[in-house]
Amino acid sequence: MHPMLTIAVRAARAAGQTIMRAYTELDRVEVSAKGINDFVTSVDKEAEAAITYQIRKSYPDHTIVGEEKGENRGENKDYIWIVDPLDGTNNFVRGIPHFAVSIALQYKGKTEVAVVYDPVREELFTAIRGKGAKLNDFRIRVTNVNELAPTIIGTGFPFKARQHTETYMTIFGEVFGHCSDLRRTGSAALDLAYVAAGRLDGFFEIGLKPWDIAAGDLLCREAGGTVTDFTGGHNYLISGNIVAGSPKVTTELVKTMRPLLNEGLKR
């Protein structure tokens, strides 16, 4: 196993233990708002600290970018760990058992290692650039579909970017008219992992952050999928507007969405 993947897995499992301990005592979890419709819990912070500790033990000079603590700059700028300690915080707070730990490692701007860990189901999704993607050590692949008609597509509502609500709902309606069904589960990291594992045929969402999608992006690509922004370009880690799926599904989704985009979503 790639030595840095070993550390990423160790860090994800440590965070998962922290999360599941708290999940059995949700009434003790402290919740605070860090923005409109954006919540953080004491568990997010503890899980991120557990991840940082595991990474720093082995790679003290690497830079870590986490959702809660921001950039923890190390002397080595070539290696950047992108961490979401608890993707699906709203689900977690409500006791909905669907959330994950997401960890990606970039070297000189390219994502080399990815881990998405679901501590409820003990499902570990991993990928190494050029080496494929796995779920609990078994190889995974995106689905092999050529059209939208039979597909189940994952999505997320733009609850932090409500200025795009009208456009999003128009896109939602158009995609729904072409596919079999749509799902909104509340964790982009798991949605992308599910695309990689063939559980979903595709996924799209507006306004995500790098820590939401960096690991899932590599998982999808290493499982044979295609990941783009809403215009079919590769600006999604910056814009946060992402489309992922098997190659034909991604192409069909972009083709369906592109004529409906407002100016803010064309960038």
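The values are calculated or read from the model by the stated rules, or taken from the named source; none is laboratory data. Everything numeric in this text was worked out from a predicted model, so none of it was measured. Counting neighbours? That spans all protein chains shown, and the Cβs are built from the backbone with ideal geometry, glycine included. Keep in mind that these areas ignore ligands, DNA and RNA; they rest on the heavy atoms of the full protein, side chains included. Shrake-Rupley method; radii C 1.70, N 1.55, O 1.52, S 1.80 Å.
Numbers for the structure displayed
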| read-out | value |
| --- | --- |
| For the chain, with +1 on Lys and Arg beta carbons and -1 on Asp and Glu, the positive-most of Ala33, Leu192, Leu218 along the dipole | Leu218 |
| Long pairs among Lys77/Lys248; Lys57/Lys160; Lys108/Lys134, criterion Cα-Cα beyond 31 Å | Lys77/Lys248; Lys57/Lys160 |
| Charge dipole magnitude, Cβ of K and R +1, D and E -1 - the range 1-123, Cα centre, debye nearest 20 | 260 debye |
| For the range 81-186, with +1 on Lys and Arg beta carbons and -1 on Asp and Glu, the positive-most of Thr170, Val120, Ser180 along the dipole | Val120 |
| Spatially proximal lysines relative to Lys131 (Cα-Cα < 16 Å; intrachain offsets below 8 disregarded) | Lys110 |
| Helix axis angle, 247-257 relative to the chain longest principal axis, alpha carbon, degrees | 70 degrees |
| Stretchable slack from Ile238 to Asn90, in nm (0.36 nm times residue separation minus alpha-carbon distance) | 50.9 nm |
| Mean Cα-pair separation over length for the chain, i.e. relative contact order, pairs under 8 Å, 6 or more apart, % | 16 percent |
| Glu30-Glu174 FRET efficiency (beta carbon distance; Förster radius 45 Å; 0.05 resolution) | 0.65 |
| Using distinct alpha-carbon pairs, which all enter the 1/r mean, Kirkwood radius of the range 190-257 in Å | 11.2 Å |
| Over the chain, volume per residue of the alpha carbon convex hull, in Å³ | 115 Å³ |
| ³J(HN,Hα), Karplus 6.51/-1.76/1.60, whole Hz, each residue of the range 119-127, x for Gly, Pro | x, 5, 8, 6, 9, 10, 9, 9, 8 |
| Orientation-averaged projected area, Cα convex hull of the range 1-96 (nm²) | 6.6 nm² |
| The range 112-129-the range 39-85 distance, computed between alpha-carbon centres (Å) | 17 Å |
| Two-decimal ratio, the range 134-184, of alpha-carbon radius of gyration to 2.2 N^0.38 Å | 1.47 |
| Solvent-accessible surface (1.4 angstrom probe) belonging to Phe157, in square angstrom, nearest 10 | 80 Å² |
| In Hz, Karplus ³J(HN,Hα) per residue of the range 193-209 (6.51, -1.76, 1.60; θ = phi - 60°; x = Gly, Pro) | 5, 5, 4, 4, 8, x, 7, 10, 8, x, 7, 8, 7, 9, x, 7, 9 |
| Residue-by-residue Karplus 3J(HN,Hα) for the range 146-158, coefficients 6.51, -1.76, 1.60, Hz, glycine and proline x | 10, 8, 7, 3, x, 8, 10, 10, x, 7, x, 6, x |
| Cut-off under 5 Å, modelled amide H: who pairs with Asn72 long-range | Ile64, Val65, Gly66 |
| Space enclosed by the convex hull of the alpha-carbon atoms of the range 107-233, per residue, Å³ | 119 Å³ |
| Cα-centred dipole magnitude for the chain, charges only on beta-carbon of K, R (+1) and D, E (-1), debye, nearest 20 | 480 debye |
| Efficiency of FRET between Arg267 and Asn144 - r from beta-carbon atoms, R0 35 angstrom, step 0.05 | 0.65 |
| Only Lys, Arg (+1) and Asp, Glu (-1) charged, at Cβ; the range 84-176 dipole about Cα centre in debye | 320 debye |
| Calculated [θ] (222 nm, deg cm²/dmol) that DSSP helices of n ≥ 4 give over the chain, each run adding -39,500 (n - 2.57) | -11000 deg cm²/dmol |
| 5 angstrom amide H check on Gly156, placed H, neighbours 5+ away | Phe204, Ile206 |
| Cα-derived Rg over Rh, computed across the range 53-164 with Rh taken as Kirkwood radius | 1.01 |
| Among beta bridges that DSSP assigns inside the chain, antiparallel share in %, nearest 5 | 75 percent |
